[in-house]
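The values are calculated or read from the model by the stated rules, or taken from the named source; none is laboratory data. Being a predicted model, the structure only gives us computed values, none of them experimental. No Cβ is skipped: glycine too gets one built from the backbone with ideal geometry, and neighbour counts run over all protein chains shown. Ligands, DNA and RNA are stripped out before the accessible areas are found, and what is left, the full protein with its side chains, is counted by its heavy atoms. Shrake-Rupley method; radii C 1.70, N 1.55, O 1.52, S 1.80 Å.
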Amino acid sequence: MFELIRADQLTIMMFLCGCCGILVLLLLITRFISESRKRILILMESIALFLLWFDREAYIYAGDPSRKAFFMVRISNFLVFFLTSAIVFGFNLYLNDWLTHEGKLASSPKRLRTVRIISAMGMLLAVISAFTGLYYYFDETNTYHRGNGFLIAYIIPVVCPIIQYTVIRQYKKVFSKVIYTSLTLYIFVPIACGILQIFMYGISIVNMAMVAVSVSLYIFTYIDINNTVEHAHEIELKGIQGENKQLQKALEQTASTFVSSIEWRDEYCKGTSVKIAGYARRIAELAGKDEDFCGRTYYAALLNDVGLIGIPDSVIENESDPRIHEDEKMKRKPLIGEELLSGITAYPDLSQTARYSHEKYNGTGYPDGLKGEEIPEIARIVAVADGYVKMTTKKRYRDALPGFVAREEFIKCAGEEYDPVFSDIMVKIIDSETDAVSEVSELETDIACVSYRENITTGIPAEREVKRIKFRCRLDPQIVAGFSAPSIVLFDSFDRRVHTNDKAIKEYHYLEYGEVWFDDHMISTAARKMEITRLEKHERTGGTGDKEQEYEIVAGRYEDHLRLEMSCSEYTKELLIALPDSTKASYIGITGEHCVISGITVEPTGETVKEDDIPKIADPISYIDHMESDIKNIQIDRTRSASTAGIEIQNRMKIVFHTMSLPGAELVWHCPYIVIYYSDDGTIGGSNYIEYELIKLNGEDQGSGQFANNRFIMKKKDDFPGWNSWKETNKKGIECTVSLEKRGNRITLKTENVGISIECTTTVLNSPDKVYVALTGDQVALTDIRLFNG
C-alpha cells in the first residue's frame, strides 16, 4: 500500500489540493455558516491547500541543480514546516469558535490558549530552521536531508492535538455526534500518520492526512448543518402537526358539543353520535381507506343526525316502533340536516351524508330512493355504523339489542338495506368485540325487593367454570310481618335479563327454567326436571328474623345439566336441573320478597365441571340417532363444540350429508360450517394446527390470514326464500352437497343450499404435505355423511 502511495503521491497531492480549492470557493458562497466560522474554515482549507501544494513542489524540485529549483526547494520546505504549525493554529481557532458560540463559554479555555502559543512558536521555529538547518538541510545536489532537530518539528503536530482533544472530551456535550466524530478524526489520523512518518522516509503521509481531514471537516460540518436543518424542520413539522391536532380536537369538541345539544332533546340519543362516528371511522380504516377519507367519514357521521333539530318533540318522543310506521315528519330529518350543513362548502361530505345516509342499498330508502353505488360511499359507511349503534342502544319502545342480534341483522340485510362490503366489515367488528364486556362489572351489588321479583339482578352465567356467588340479606325494615326470603330465577335470555311482557319475551328469546328458594321450595317451568339431591336443615342459633344473614351459591354446568349448591344459616342443599337441551344458556338472577339484598359478589372457584361430576337426572336429547355412513354423525350444541374426523382433500371429491338446525336454533349462523386446515394428526385442534378457511353455509367466511389467501363469493340466487324461510327450512332438514377440487396448493369449494350459493378458492401459502377438510357448525345435527371421489 505504501509503495502505491509513494508511486502516486504527487497525483494524490494534486487531487487533494483541488478539493481544498473547491471547498474554499464553496465556503465563499455559503450562507448557512456563521461569518466567523466561515472565515476560520476558509483559512484552514487555504492553509491545507498551500501546505500540500508546496510539499508537492518540494518533491518535484528535489535533486534538481537548476537555479529555479534551488529557490523552490528551500521556499517549499520552509512553508511546509511553517504551515504544519499554522494548520494546528487554525484548528485551535475552529475549536474556540465552537466553544464560545455553541458552548456559550465567556473565554477560551487555558489549554487552547497554550496550544495557540505553542503553534505560534512552531511557526517561529520553522523560520529559524530555514537559516540554521535545525529541521533539514540540502547537499550540493539540492537534495533534502533531515537535520539533527528534525523530531522537534513533529512535537507540535502530535502534542498540540492531544491537548486539544482533552478539551474536546471535556466539552463533548457541546458538539453533535457528527462534529465530535470529525474532530476526533482530525486529531488522531494525523497523529497516527506522524508516527508512521518517522519510519517512512520519502512519503509525505502526514501532510496528506492533515489535508484529507481538513477536507472531511467541511464535509462533516455540512452534514451536521443538514442534520440541524432536518431536526429543525421536524420540530417545525411536529409543531404544525400539533397545531393541526389541536385545531382538529377543537373542531371535534365544537361539533360534539353542538351535536350533544341536539341529543339532549332525546335522552335515548345522548352520546350516540360520537359512537356512530367512531364505528364509521373504524369501518373506513378496515376498508383500507386513507387517513383523509377516514377523517371526513368521522365528521360526516358525527353530524349525521343534526336534522333532529327541526323535528317536533312529539315525533321524537313517540314511543311506537319506527320500523312499523316511520312518521313522515321524521323523514324530513335528512333534508333539514343537508340544509343546515350545506353552508360548509369546504366539506361537501357533511351535507351529502346527512341527506343520503337513510338511503338503502336496494333502493327502498329515502329521500331519493338511490340504490347501490349511487349512494355516496361515506353515506353507505355511516348507514352501517348508525344502524349498529341504534340497534344496540336502548329506545323508548325497546331495550338495547345484544350485539349478536345486530350481527344477524347485518348478515340478513347485507345487499338489501346495507352495502354488503361495509356490512361484512361491521360483522367482523362485532366478532372482535365479543365478550369484551365483563359480566361482573354489569352486575348489581344491591337490590331491594318489597313485592316478590320486584327487582332481579342481571343474569350471572352458569357455565363449566364453577362460580361462587355470595350476598347478604335482611328483612325489609318497613315490613312488620309476612314472608321474607331471597330466591333465584333460572333462565335464558339474549340480554341476560328476566322479562315478563310478551313483546320482550319474543324480542330477547326469553325462556325461564324455574325458581328456587334456599329452603326446600322450587318451581320448575321450562326445565325438563329439577331434583333436590341433598337437603340439610340447621338449627337457628338465636337472633331475630330481621338480622342480616349470609347466603352462598356454588354453580356449575356440563352440557344440559346444571348443579347448584345453596347454603345459608338455616339450610344447605344441592339441586340438579336438567335443561331443555345443551344449546341454551343458563343464567342466575337474584331476587326475593320483603327483603334487602346487598354485597353481591361473583368469584371463580378455579374448578371446571367434568362429564361425570354431575349425575344425570334426564336422558340426553339426541338428534343424530340416525343411520351413519362414511363419517360418524355429530351433534353440535354450541359453536364448534364438535366436529367430524378430518378428511384429506385429494383431487376432486364431494361430501354429501343431511343437516338439521336444532330446535333451539334462532340465528342465521346456526348451520353447518366447513373447515379447511392442517394438523399433524389430521384432527381439528391437533398438533401444529393451522386453519386456512372457515366457511359458514349462511354465506360467511373468516377471510384470509397468514397462511392462506381466500377468494370468497356468496350470492343469493333467484330462488332464495328470505332469511326467515331459510332458517325454517334448515330446521326441517336439508340434503347438502359440498364439492372440493385440489390443484397444487389451490383448493376450490362450491356448494348451494336453499338459495345461497358459495364458491371459495383457498390458496395455501405454506405448502403442507396434506390439507384436510372437516364439518362442524353451531346448533346443528349432521348425519348420513358420505364421501365421493372424482
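Structure above, values below:
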read-out	value
Region 140-164, subset open to solvent by 50 Å² or more (accessible area, probe 1.4 Å) and within 60 Å of the chain's Cα centre (by Cα), residue farthest from residue 60 (Cα to Cα)	162
Selection from region 115-136 of residues that are under 15 Å from residue 151 (Cβ atoms) and not polar (S, T, N, Q)	122, 125, 126, 133, 134, 135, 136
Selection status of residue 500, in contact with a Lys or Arg (Cβ under 9 Å, 6 or more places away or on another chain), surrounded by fewer than 18 Cβ atoms within 10 Å (Cβ to Cβ) and part of a loop (DSSP other than H, G, I, E, B)	yes
Lone qualifier among 380, 453 - being at pLDDT 90 or above and in contact with a helix residue (DSSP H, G or I) (Cβ under 9 Å, 6 or more places away or on another chain)	380
Members of region 82-114 found to be open to solvent by less than 50 Å² (accessible area, probe 1.4 Å) and not in a helix (DSSP H, G or I), listed by number	103, 105, 108, 109
Which listed residue, of 2, 71, 15, is within 20 Å of residue 136 (Cβ to Cβ) and either surrounded by fewer than 15 Cβ atoms within 10 Å (Cβ to Cβ) or modelled with pLDDT of 85 or more (or both)	71
Residues being more than 30 Å from residue 722 (Cα to Cα), open to solvent by 10 Å² or more (accessible area, probe 1.4 Å) and part of a strand (DSSP E or B) - total across region 661-702	3
Qualifying residue in region 374-386 (condition: out of contact with any strand residue (DSSP E or B) (no Cβ under 9 Å at 6 or more places or on another chain) and farther than 17 Å from residue 283 by Cα)	yes
Residue ID - nearest to the chain's Cα centre (by Cα), chosen from residues in region 104-133 that are within 18 Å of residue 84 (Cα to Cα) and among the polar types (S, T, N, Q)	114
Sole exception among (1) at pLDDT 95 or above; (2) open to solvent by 60 Å² or more (accessible area, probe 1.4 Å); (3) of a type in the set (Asp, Glu) for residue 741, by number	(2)
Verdict on residue 29 being exposed (fewer than 15 other Cβ atoms within 10 Å of the Cβ), free of Cβ contacts under 8 Å to residues at least 60 places away in the same chain and of a type in the set (A, V, I, L, M, F, W, C)	yes
